[in-house]
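Working notes for the structure below.
Just so it is clear, none of the values below were taken in a lab; they were calculated from the coordinates. Keep in mind that this is a model prediction, so the values were computed, not measured. Because the Cβ atoms are built from the backbone with ideal geometry, glycine has one as well, and the counts that use them run over all protein chains shown.
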Amino acid sequence: MQLQADPFIVPVCEEQIEILYQDDSLLVINKPTKLLTLSGKHPLNKDSVHFRLVQRFPTATMVHRLDFGTSGILLVALNKEVNAQLGKQFQNRSVKKSYTALLAGQLCNDKGSINYRIAKDKPNFPLQKICSETGKSALTHYEVVERNQVLCSTRVIFSPVSGRTHQLRIHSQTIGHSILGCDLYATDEVFNMADRLMLHASSIEFEHPIKREIFKQYCPSPF
């Protein structure tokens, strides 16, 4: 008989969700770090962005997700039609997003691209892996903002073209510069260099589904 592993119970998140923009069709919010986007199956993992929002906005649905440790911009639809229209923009890769991250070590180039195919690492769920044969295409552009000689870290702006699970985390690891505080893809040393995952969704740009205008929102990094 195989013993089941203890379920992961998320710690209580005391931080509140900040609404950056609101109209009748959608919300743009700032998600705190260490808060689930959607509630987990375990009853102790009920607290989430969606769980909190539906108390005030009963029709709210999540158009996309951020990892538990990632903070920053999330787009929320307030009806099914808007959700479908925004979902198509994500599928078509017309939504532009940028992320601020702190990476271990000093990147040599001031800018560049990371292009490695990503696949599910099925025996080690929820981990992903780089696989040229079975992986799906994944492209990330980056630009260095600052190099910290004392902490031996590099602040970068990531602009992912695709939106694969854990894309920025595993792409960072693959080039030898894991994200500080990353519990899945960093060494223990790099994980312990920060008290959170140093990844923040900083900006988003898309076509407003009702106004049909280009909408841009920025949310400064807390680190």
- What number, rounded to the nearest 500 deg cm²/dmol, is the helix-based mean residue ellipticity at 222 nm of the chain, given -39500 (n - 2.57) per DSSP H run of at least four residues and division by all its residues? -4000 deg cm²/dmol
- Under the Kirkwood approximation applied to all pairs of distinct alpha-carbon atoms, what is the hydrodynamic radius of the chain in Å? 18.5
- Between region 4-77 and region 83-149, what is the C-alpha centre distance in whole Å? 22
- Place a point 7 Å from the Cα of C152 in the direction of its beta carbon; the residues of region 190-223 whose amide N falls under 18 Å from it are 190-195
- Segments 12-23, 46-57 sorted - mean Cβ within 10 Å per residue, highest first: 46-57, 12-23
- For the chain, with a Gaussian network of springs between Cα atoms less than 10 Å apart, report the residue from N92, N192, N30 with the top mean-square fluctuation. N92
- Estimated FRET transfer efficiency when R0 is 35 angstrom, pair E14-K111 (beta carbons, to 0.05): 0.40
- Under a 5 Å amide H to amide H cut-off, with H placed in plane at 1.01 Å, what residues pair with G72 once short-range neighbours are removed? K31, A201
- Given springs between every Cα pair under 10 Å in a Gaussian network model of the chain, which of K120, K80, K211 has the largest fluctuation? K211
- Query: Considering only the other residues whose Cβ falls under 11 Å of the Cβ of E14, what net charge follows from Lys and Arg at +1 and Asp and Glu at -1?
  - Reply: -1
- Query: Using a Gaussian network model of the chain with C-alpha springs under 10 Å, which one of K96, K41, K88 is most mobile by mean-square fluctuation?
  - Reply: K41
- When only C-alpha pairs under 8 Å and at least 6 residues apart count, what is the relative contact order of the chain, in percent? 18
